[in-house]
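What follows is a set of notes on a single structure, which appears directly below.
The values are calculated or read from the model by the stated rules, or taken from the named source; none is laboratory data. Quantities reported herein were computed from a predicted structural model and do not represent experimental measurements. All Cβ positions, even for glycine, are placed from backbone atoms using ideal geometry, and neighbour counts span all protein chains on display. Surface accessibility is based on the protein's heavy atoms, side chains included, excluding ligands, DNA and RNA. Shrake-Rupley method; radii C 1.70, N 1.55, O 1.52, S 1.80 Å.
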Amino acid sequence: MIIFKSIKVLNNNVNFNNNIGFVPTMGALHEGHISLIKASKRKCQKTIVSIFINKPQFNKKKDFKNYPRNINKDLKILRKLKVDYLLMPNEKDIYSSNKQKKIKINKKDLIMCAKFRSGHFEGVLAVINQFLIKIKPSVMFLGKKDFQQIYLIKKFISGKFKTKIVQCKTIRNKNGLPYSSRNVLLSKKNFQTAVNVSQIIKKFYSTLKLNFKKTKDIYLIKNKIINKNVKLEYLEIRNKLNLSKKINKKNFKIFIAYYINGIRLIDNY
């Protein structure tokens, strides 16, 4: 594995005429990231993984400060996977121009996470924009756990970049909780609470598949989830094709964001 700390040096040493797969991460790698990397290695000639904790996408300073960091563990995982290239740029390398156009999200897309995390997706789109301008990978691999994020990235890059997006399934532990870098911040008790939330959502999803009229029971599900440790941010059923509220038995998807003792988690089924 070759490690680059500069995009310029990366570009001078990598042949981008090849089929290059790109997996952008913020580190604290887990099984979800590993599945993306494996998908890239299967589909592409070479794979670039980036580790860059993108400050603009954190709408709370405390969240940025507390975000898990474990570079030694990350390097072990990447070497074991035989990743071709690791890019670890600094903020100046990514945001090299002071004249960058500020990215805005369409008003109708200010829903769910975009509604509650002001500036978050603008920050995500800003860093993806810079990566795609400066690296120009053939394919970018993203996980469906961040479903709304993928939707907005696809919408943003359409017609601007040739990079193809491959969406990979959500990877869950044996109890059904999706892997997340933030899971390491949970106590044993809070981890089990998060597992319970995911199981409730999964059961509700199965119920709706059998009887779609049960969508009105969402209020009962909310009451089932909320307790003294769990603060529900949103629980919504939306169209998985365009995230509108025009849903039916074939196109619906359940989205949730919640806090367990201050740690924010998301899931979807």
### Task
Apply the Kirkwood formula to the stretch 177-222: the hydrodynamic radius equals the inverse of the mean of 1/r over all pairs of different alpha-carbon atoms; give it in Å with one decimal.
11.9
#### Entry: Heavy atoms of Tyr234 accessible to a 1.4 Å probe, total area in Å² rounded to 10
20
#### Entry: Theoretical ellipticity at 222 nm over the chain - DSSP helices of four or more residues, -39500 (n - 2.57) apiece, nearest 500
-11000 deg cm²/dmol
### Summary
With every protein chain kept in place and a 1.4 Å probe, the residues Lys145, Lys104, Lys160 fall, from largest accessible area down, as Lys104, Lys160, Lys145
### Message
Could you work out how much longer the chain between Asn227 and Lys104 gets when fully extended? Use 0.36 nm per residue separation minus the Cα distance between them, nm to one decimal.
### Response
40.7 nm
### Query
What percentage of the solvent-accessible surface of the chain, computed with a 1.4 Å probe over protein heavy atoms, is contributed by carbon and sulfur atoms?
51
### Task
Determine the relative contact order of the stretch 215-269: mean sequence separation of Cα pairs under 8 Å and six or more apart, normalised by residue count, in whole percent.
30
### Task
Take every DSSP beta bridge whose two residues both sit in the chain, then give the antiparallel share in percent to the nearest 5.
45
### Task
Can you check how the C-alpha radius of gyration of the stretch 105-222 compares to 2.2 N^0.38 Å, as a plain ratio?
1.28
### Query
When the chain is fully extended, how far beyond the present Cα-Cα distance does Glu91 get from Lys188, taking 0.36 nm per residue of separation?
31.5 nm
### Query
Heavy-atom accessible area per residue, the chain, 1.4 Å probe: how many Å²?
55
### Task
Before anything else, pin down the relative contact order of the chain: Cα pairs under 8 Å, at least 6 apart, normalised by residue count, whole percent.
18
### Probe 1.4 Å - accessible area at Met88, Å² to nearest ten
50
#### Entry: Percentage relative contact order, the stretch 1-92, counting C-alpha pairs under 8 Å, at least six apart
46
### Query
How big is the Rg/Rh ratio for the stretch 1-120, C-alpha atoms only, Rh by Kirkwood, two decimals?
1.00
### Task
Work out how far the C-alpha atoms of the stretch 191-269 reach from end to end along every principal axis, then list the three figures in whole Å, largest first.
34, 23, 17
## Note on the structure
Residue-ordered couplings for the stretch 77-92, obtained by feeding phi - 60° into the Karplus form 6.51 cos²θ - 1.76 cosθ + 1.60 and rounding to whole Hz (Gly and Pro as x), are 4, 5, 5, 5, 7, 6, 5, 6, 9, 10, 10, 10, x, 9, 4, 5
### Query
Top to bottom by accessible area (1.4 Å), largest first, where do Lys134, Lys214, Lys92, Lys202 land?
Lys92, Lys202, Lys214, Lys134
### Where a label projected 7 Å from the Cα of Asn251 along Cα→Cβ would reach, residues of the stretch 148-167 with amide N under 19 Å
148-156
